[in-house]
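Enquirer: A single structure is presented below for examination.
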Amino acid sequence: MTDTSAAARDVRVQRLRQARAADSKAKTLRGLEAVASLVAAGEQVTVTRVARKAAVSTWFVYNQPEVHQAVQAAIREQTRHGIPAAAVVPRQRVSEASLQTDLALAREEIKDLKTERDRLRERVRLALGAEIEQVQQPELLRRIRDLESHNALLVAELAEQTTRADKLERRTIELEDEVTAVRRALTRSIRAVPPPPRC
């Protein structure tokens, strides 16, 4: 691995991190604006409504501390002033298609994260193995130090990707439970409808 290629890779990693940070910041701003808009309009604040209005996932609202705290504060304020909090069962009112979409997106991102994790592991293995062939000892020591530095960065990035994948896997399990609950509720509703009278 040359110094030029290493520098180019560092630039790409930095740009990726900046893009992620900018995206998260934009989503957070939209989430906070959605909460303020619902409150100003006298509409009931719920996680689902905030997510829909801000064009983000409910998972983001639950897991972005600033947005989630704003939602909880608005709900408490509305409850004190006579606007009842949403029932604890709004998840059963979410359409199955919406849950299936969230589930599919979560699975796709988990797949991408696992692929990236495996790719990073392979890069670490190759970097520590192939680069030590046919070099003099001083040069070898210099390259080893460079590789250790790059390896530390890759390990940190791998840990970050693994954490995101773990969170998404937990959210996938929650979404699967929600889909099952919605299906059961729909089945009960269908069974509760009386058959049409026979002529």
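The values are calculated or read from the model by the stated rules, or taken from the named source; none is laboratory data. What you see is a predicted model; the values in this text were computed from it and never measured. Note: ideal-geometry Cβ built from the backbone for every residue, glycine included; neighbour counts use all protein chains shown. Areas reflect the complete protein model, heavy atoms only, side chains present, ligands, DNA and RNA absent. Shrake-Rupley method; radii C 1.70, N 1.55, O 1.52, S 1.80 Å.
Quick grid of which residues meet (1) touching a helix residue (DSSP H, G or I) at 6+ places or on another chain (Cβ under 9 Å); (2) at pLDDT below 80; (3) open to solvent by less than 40 Å² (accessible area, probe 1.4 Å); (4) not in a helix (DSSP H, G or I):
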{"site": "Glu77", "(1), (2), (3), (4)": "yes, no, no, no"}
{"site": "Gln92", "(1), (2), (3), (4)": "yes, yes, no, no"}
{"site": "Glu108", "(1), (2), (3), (4)": "no, yes, no, no"}
{"site": "Glu116", "(1), (2), (3), (4)": "yes, yes, no, no"}
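Enquirer: Working only within segment 33-57, note down all residues that are in a helix (DSSP H, G or I) and among the polar types (S, T, N, Q).
Expert: Ser37, Thr48
Enquirer: A further question on this structure: Of all residues in segment 129-171, which are acidic (Asp, Glu) and modelled with pLDDT under 75? Write out each step before concluding.
Expert: Of all residues in segment 129-171, those acidic (Asp, Glu) come to 131, 133, 139, 146, 148, 157, 160, 166, 169.
Passing the criteria: Glu131, Glu133, Glu139.
Enquirer: Restricting attention to segment 161-172, and to residues there that are of a type in the set (Val, Ile, Thr) and surrounded by 12 or more Cβ atoms within 10 Å (Cβ to Cβ), which single residue is nearest to Asn63 (Cα to Cα)?
Expert: As a first pass, look at segment 161-172 and keep what is of a type in the set (Val, Ile, Thr): 162-163, 172.
If we keep only those that are surrounded by 12 or more Cβ atoms within 10 Å (Cβ to Cβ) as well, we get 162, 172.
Working: Thr162: 16, Thr172: 14 Å.
By that ranking, first place goes to Thr172.
Enquirer: For segment 80-88, state whether one or more residues are at pLDDT 65 or above and surrounded by 12 or more Cβ atoms within 10 Å (Cβ to Cβ). Before the answer, list the steps.
Expert: Of segment 80-88, the ones at pLDDT 65 or above are 80-83.
Imposing the further condition that a residue be surrounded by 12 or more Cβ atoms within 10 Å (Cβ to Cβ) reduces the set to 83.
Among the residues of segment 80-88, at least one is at pLDDT 65 or above and surrounded by 12 or more Cβ atoms within 10 Å (Cβ to Cβ), which makes the answer yes.
Enquirer: I'd like the full set of residues that are farther than 17 Å from Gln69 by Cα and open to solvent by 70 Å² or more (accessible area, probe 1.4 Å), limited to segment 17-51.
Expert: The answer is Arg17, Gln18, Arg20, Asp23, Ala40, Glu43.
Enquirer: Just the residues that are surrounded by fewer than 19 Cβ atoms within 10 Å (Cβ to Cβ) and either assigned to a helix (DSSP H, G or I) or among the charged types (D, E, K, R) (or both), please, taken from segment 61-74. Walk me through it before giving the result.
Expert: Filtering segment 61-74 for residues surrounded by fewer than 19 Cβ atoms within 10 Å (Cβ to Cβ) gives 62-66, 68-69, 72-73.
Result: Tyr62, Asn63, Pro65, Glu66, His68, Gln69, Gln72, Ala73.
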